[in-house]
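Trainee: The structure follows.
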Amino acid sequence: GSGDGQGQILQRFPEKDWEDNPFPQGIELFCQPSGWQLFPERNPPTFFVAVLTDINSERHYCACFTFWEAVESPQVRGHGNGG
């Protein structure tokens, strides 16, 4: 109803945690810092790379590819425009 959504990690590299460098938890929140919203039109995909610095001044590189998918809206279903 509100249009808010949640990010999901579909692929990660490395695929398994390294003993001395675990995968950062909650990184999907950083990839879409303004939150997720529904839009009436399909937007083009976006891509960016960011460098995150942890409490030990270690750098973590994050590549984020955002794409849009269509969703069924229960508010619109069944309310055609007569055509």
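The values are calculated or read from the model by the stated rules, or taken from the named source; none is laboratory data. Since we're looking at a predicted model, the values are computed, not measured. Because the Cβ atoms are built from the backbone with ideal geometry, glycine has one as well, and the counts that use them run over all protein chains shown.
Trainee: Can you name the residue in segment 19-38 that is among the charged types (D, E, K, R) and assigned to a loop (DSSP other than H, G, I, E, B) and is also farthest from Tyr61 (Cα to Cα) among such residues?
Mentor: Among those that are among the charged types (D, E, K, R) and assigned to a loop (DSSP other than H, G, I, E, B), it is Glu19.
Trainee: Something else about it: Does Gln75 fit the bill of being touching a Gly at 6+ places or on another chain (Cβ under 9 Å), within 15 Å of Gln6 (Cβ to Cβ) and either polar (S, T, N, Q) or at pLDDT 80 or above (or both)?
Mentor: No.
Trainee: Here are Gly5, Gly1: which of them is at pLDDT below 80, assigned to a loop (DSSP other than H, G, I, E, B), surrounded by 11 or more Cβ atoms within 10 Å (Cβ to Cβ) and not basic (Lys, Arg)?
Mentor: Just one listed residue meets the conditions, Gly5.
Trainee: Let me ask something additional. Give Ala70, Ala63 a once-over and let me know the one that is modelled with pLDDT of 75 or more, surrounded by 10 or more Cβ atoms within 10 Å (Cβ to Cβ) and within 18 Å of Gln6 (Cα to Cα).
Mentor: That would be Ala63, the only listed residue that is modelled with pLDDT of 75 or more, surrounded by 10 or more Cβ atoms within 10 Å (Cβ to Cβ) and within 18 Å of Gln6 (Cα to Cα).
Trainee: Could I ask something else about it? Please enumerate the residues belonging to segment 42-53 that are surrounded by 10 or more Cβ atoms within 10 Å (Cβ to Cβ) and either in contact with a Ser or Thr (Cβ under 8 Å, 6 or more places away or on another chain) or not in a strand (DSSP E or B) (or both).
Mentor: Of everything in segment 42-53, those that are surrounded by 10 or more Cβ atoms within 10 Å (Cβ to Cβ) and either in contact with a Ser or Thr (Cβ under 8 Å, 6 or more places away or on another chain) or not in a strand (DSSP E or B) (or both) turn out to be Arg42, Thr46.
Trainee: Select from segment 9-18 the residues that are part of a strand (DSSP E or B) and closer than 14 Å to Phe67 by Cα and list them in ascending order.
Mentor: Selection gives nothing.
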